[in-house]
1. What is the distance in Å between the Cα centres of region 219-268 and region 80-121?
2. For region 317-349 and region 178-206, what is the centre-to-centre distance using only Cα atoms, to the nearest Å?
3. What is the helix-to-structure angle for 214-228, meaning the angle in degrees between its Cα long axis and the longest Cα principal axis of the chain, kept from 0 to 90 and rounded to the nearest 10?
4. Determine the percent antiparallel among the DSSP beta bridges restricted to the chain, to the nearest 5.
5. If ligands, DNA and RNA are left out, what is the accessible area of residue 44 with a 1.4 Å probe, given in Å² to the nearest 10?
6. Might you report the magnitude of the Cβ-based charge dipole of the chain about its Cα centre, with Lys and Arg at +1 and Asp and Glu at -1, to the nearest 20 debye?
7. Give the span of region 42-212's Cα atoms along each principal axis, as three whole-Å numbers ordered largest to smallest.
8. Say the cut-off is 19 Å between C-alpha atoms; which of 249/349; 349/374; 225/271 go over it?
Amino acid sequence: MIKTDLSNLHVDIDWKEYAPKVAAINKMIDEKTGAGNDYLGWAEYPNTYDKEEFARIKKAAAYIQDNFDVLVVCGIGGSYLGARAAIEALNGLHPTNKTEIIYMGQTFAASYVHQVMEYLKGKKFAINVISKSGTTTETAVAFRLLRELLESQIGKEAAAKAIYATTDKEKGALLELAKKYGYERFVLPADVGGRYSVFTAVGLLPMAVAGIDIDEFIAGAKEEKDLLDNPDLNDAYKYAVVRHVLYKKGYAAEMFVSYEPRFVQLGEWWKQLYGESEGKEKTGLLPDSATFTTDLHSLGQFIQEGSPVLFESILNIATPDHDVVVPHDDDNLDGLNYLEGKTLDYVSKKAMEGTLQAHSVTGCVPNIVINLEKMDAKTLGALMYFYMRACAMSAYLNGINPFNQPGVEVYKKNMFHLLGKPGY
Ligand code: PA5
């Protein structure tokens, strides 16, 4: 389903040197013997997911679609980025599905939160609060505000039926709250970290409410998993090796590029996945993202002629969901009749070809192209699984535990101290 094209890399790689390393790490992932091995539940999740819970997710989603105008997804980092990435990639930026999905809990920004709350006033809304730890402050504060608003609008009893909590099965403040008030609960399994959780209820409930076929999404991940279980240098592992080699050669950053504004959030998800997994012990590539051709009119200059610090990985979708034809104009004052009858996707692909040449040949910026036939629930499931597996491989190649994020705690401790939180 997914092909890694290295023809624009222009860097030699000794694949023979890497094949045994990759096979050994793959075995480590498989047998859960590497660092962070108690967080490898995601790798087999497309096979082992809880079928009873999956059915309950679909039921809850149908209920939310039938009874509410808006679902507020309340979470941060891995507890919201996957769902948002999938919903925007598949439904677009102006979706027509009945239940609108909006986001809170990912920021303290007062103006943003105020605007969301004003927007919700008088609307029939449900909340999916998502937090594995149950103590993440951005999410917890937002949830307190949302809960208060909801209860003031429809009363405590009805509010409890409009709140869905996705959290750890056994512990945490959110679990206690959910038990006390009787919210329907979904589980983020103990052995799955936030940024690897899109195939759990964390991603699936909001996606199902957005009308996405989650059976297909999981099926895509399963298909990709079966492919990647082959320890040979498969396409995901090739991508991981190239990242590692380029990092060793001194490249400091990777730019995730797509030619589709619907994939901006997919880029955000990808950045979190790679940044939090790899950026440790003063090592790792800085993950960055851009949307072309839009950003060719801003970052394009830097990529072409600026400091040679980055390489690009392009997500290329062979066939778009819809296409648009450039019309004829008798006057042709804009000089565009040479494009008459051509589709926008044709134009976009030519822009991509020209850019690949400009960046990789003229600019000497290595380019990797990740090819996907089309973007639908199944191929997106495969793609997200592909990136997750490549990320684990890539971090292990750098000698890094991909599944912890110790650095994230530093700002929290300082903030808690400044806020006067007891114990800090
Ligand atoms: O990937 C991760 O583990 C993090 O980004 C978490 O998802 C994020 O910090 C939110 O944590 P929690 O779900 O505990 O609120």
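1. 27 Å
2. 44 Å
3. 50 degrees
4. Values: 5 of 42 bridges.
Counting DSSP beta bridges with both partners in the chain, the antiparallel share is about 10 percent.
5. Accessible area of residue 44: about 70 Å².
6. Details: 44 positive and 56 negative charges, 366 e Å.
Rounded to the nearest 20 debye, it is 1760 debye.
7. Here the spans come out as 42, 35, 29 Å, largest first.
8. Violating the 19 Å Cα-Cα cut-off are 249/349; 225/271.
The values are calculated or read from the model by the stated rules, or taken from the named source; none is laboratory data. Small disclaimer: the values here were computed from a predicted structure and weren't measured. We place every Cβ from the backbone using ideal geometry, glycine too, and count neighbours over all the protein chains shown. What goes into the accessible areas is simple: the full protein's heavy atoms, side chains included, and nothing from ligands, DNA or RNA. Shrake-Rupley method; radii C 1.70, N 1.55, O 1.52, S 1.80 Å.
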